[in-house]
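Computed from the coordinates by the stated procedures, all read-outs in this text should not be read as laboratory data. Predicted model, so just to flag it, every value in this text is computed and none were measured. Quick reminder, even Gly has a Cβ in these numbers, built from the backbone with ideal geometry, and neighbours come from all protein chains shown.
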Amino acid sequence: MAEEKKVQQEEIKTGAASAVRTSGRRKVEAGRAYINATYNNTVITFTDPQGGVLAWASAGSLGFNGPKKATPFASSKVVSVLAEKVKPLGLNTLDVYVKGVGGGRDSAIRSLVNQGFEIKSIKDVTPIPHNGPRPPKVRRV
């Protein structure tokens, strides 16, 4: 009798574990897109609503180098690569958070729309100093 209970408990445990593993990747309907567009590069990260990273890519990771990394063309290519990465997850609704002043910020948002993502909101989270420490000297070249 005790042995039968142990066998049943083991079957229940293994059955629950296999049920969890059957779906290889989780389905995420809504998420966030963080666009960090600097003068030197464009980095885009897709997360779930809790902030767990689903996929990321940058212009540098795609093979762009030097000043080409901060171009609008490079940022549109980054978005297209990310769209392919998250397609199996079912991600289609995004909240977009844009940070930085680089050339790829507008192009990245346009590319997100063109890839078929529904954009719920766009928020600019570029840090702006409220008269903190003295800024560095102006660079003279």
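For segment 31-141, the fraction of C-alpha pairs farther apart than 25 angstrom is 24 percent. Shown here for segment 57-141: trypsin sites (Lys or Arg not before Pro) in loop regions (DSSP other than H, G, I, E, B) with at most 16 other Cβ atoms within 10 Å, namely Lys137, Arg139, Arg140.
Between Ser80 and Asp95, the modelled labels are 3.0 nm apart [label points 7 Å from Cα along Cα→Cβ]. Just grab the label-to-label distance for Asp124 and Asp48, each label 7 Å out from Cα along the Cβ direction, in nm (one decimal). Once both label points are built, they end up 3.2 nm from each other.
Determine the gain in length on full extension of the stretch Val141-Lys87; use 0.36 nm per residue of separation and subtract their C-alpha separation, reporting nm with one decimal.
Details: separation 54, 0.36 × 54 = 19.44 nm, distance 4.55 nm.
Value of the extension gain: 14.9 nm.
Here is the list for segment 25-61: trypsin sites (Lys or Arg not before Pro) lying in DSSP coil, each with at most 13 other C-beta atoms within 10 angstrom of its C-beta, are Arg25, Arg26, Lys27. For segment 67-120, the number of Lys pairs with C-alpha atoms closer than 17 Å, counting only pairs eight or more positions apart or on separate chains, is 5.
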